[in-house]
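The values are calculated or read from the model by the stated rules, or taken from the named source; none is laboratory data. Predicted, not measured: the structure shown is a model, and the values here were computed from it. Here the Cβ positions follow ideal geometry from the backbone for every residue, glycine too, while neighbour counts run over all protein chains shown.
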Amino acid sequence: MTDRDKVLSAVRKALEPLPERAAYPEWQPDLAVARHARDISDIEALFRQRLEAVHGVFLDGFEAIPAFLRGHSAETGVVDPELLPRLGNALDGFKVETVFDRARPDDFAFGITRAAGAVAESGTIVLNDAVVPSRLAALAPWVHIAVVERATLVGTIPEAVAAFDDDPSIIFVTGPSKTADIEGILIEGVHGPGVQACCLV
């Protein structure tokens with residue numbers, strides 16, 4: 001049993017006496033929808049626009065990955081083993097592992113993982129434990145590429161919330177990791193990837 005499993009087991013045990021899970025608060029989905037997203041005619045174009053607006057990188061298909069990685073001098077990385085057959089020979093010449101070794105975090109310049117979905121109105125990538133079991137592969141390398149299936153791209157945040165209603169662990173990633181000091185100076189790549197890309201397939 002891993003440390004993570006031990007912690008989650010303790011949490012589940014502590015929650016057992018509760019009669020039922022607390023209900024989500026009532027809210028009006030229309031209030032959360034951005035004005036520009038109320039009429040989405042080209043969801044893919046809107047997603048690309050919003051992703052790039054938050055300093056994310058849009059990759060159109062697996063064939064765009066090698067040049068992108070070389071452009072960032074990212075030659076070694078970790079790849080979700082379920083993606084390897086689909087990538088074919090796109091990563092020939094790269095040093096690739098399928099398990100993120102916590103003892104060697106600096107050895108992984110890039111991580112390529114699946115994503116649970118994406119939100120067009122905000123340029124957000126959705127990660128969860130069911131689809132992205134190795135969270136460190138998505139959060140620790142400087143360059144992260146999330147592979148999003150076109151069928152999982154939704155228009156608005158309320159649609160995403162509805163789609164993942166019962167999932168216990170979800171991360172909404174909107175561009176590279178960012179933080180700002182009190183003077184408003186924005187720094188990217190502090191608490192996670194400094195380069196966040198989405199490969200839409």
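Scan segment 135-147 for residues that are surrounded by fewer than 22 Cβ atoms within 10 Å (Cβ to Cβ) and either within 22 Å of Pro66 (Cα to Cα) or touching a helix residue (DSSP H, G or I) at 6+ places or on another chain (Cβ under 7 Å) (or both) and report the count.
4
For the subset of segment 171-201 comprising residues that are in a loop (DSSP other than H, G, I, E, B) and hydrophobic (A, V, I, L, M, F, W, C), which member is surrounded by the most Cβ atoms within 10 Å (Cβ to Cβ)?
Filtering first and then ranking leaves Val201.
Out of segment 95-114, which residues are in a loop (DSSP other than H, G, I, E, B) and modelled with pLDDT under 95?
Residues satisfying the conditions are Thr98, Val99, Phe100, Asp101, Arg102, Ala103, Arg104.
In this structure, is Pro168 assigned to a loop (DSSP other than H, G, I, E, B) and closer than 20 Å to Asp101 by Cα?
The answer is no for Pro168.
Aromatic (Phe, Trp, Tyr), modelled with pLDDT of 95 or more, under 30 Å from Glu159 (Cβ atoms) and in contact with a helix residue (DSSP H, G or I) (Cβ under 6 Å, 6 or more places away or on another chain): is that true of Phe58 in this structure?
yes
Which one of these does Pro158 not meet: (1) assigned to a helix (DSSP H, G or I); (2) out of contact with any Pro (no Cβ under 6 Å at 6 or more places or on another chain)?
Failing condition for Pro158: (2).
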